[in-house]
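Colleague: Take this structure, written in structure tokens, and hold onto it; I'll ask about it next.
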Amino acid sequence: SEDVLSKDAGECAICLEELQQGDTIARLPCLCIYHKGQVFLRMHMKFQKVAFIGCIDEWFEVNRSCPEHPSD
């Protein structure tokens, strides 16, 4: 299901960027969360934002299971 993150939640296991408050996320049945929809990478050195498609959207184009729980 799609949701908006209410507090920082560590690192996205797909893109390795921080899951930050206000990010749009997908919460899978196993309760893992990943970026969903349009995501902005925070370019730490240049203070730029680069948009790309949500992590879990790209993952599900080639996989049908959770990246962290593939047997579930």
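Just so it is clear, none of the values below were taken in a lab; they were calculated from the coordinates. The structure displayed is predicted, hence computed values, not measured ones. Using ideal geometry, Cβ is built from the backbone for each residue, glycine included, and neighbour counts are taken over all protein chains shown.
Colleague: Got a sec? Which residues in the stretch 1-38 would a label at GLU58 touch, if it sits 7 Å along Cα→Cβ and we count backbone N under 15 Å?
Modeller: The answer is 12-18, 34-38.
Colleague: In nm, what is the difference between 0.36 nm times the number of residues separating GLU18 and SER71 and their Cα-Cα distance?
Modeller: Result for the pair: 16.6 nm of gain on full extension.
Colleague: Within 10 Å, count the other beta carbons around each residue, average over each peptide in 19-27, 60-68, and list them highest first.
Modeller: 19-27, 60-68
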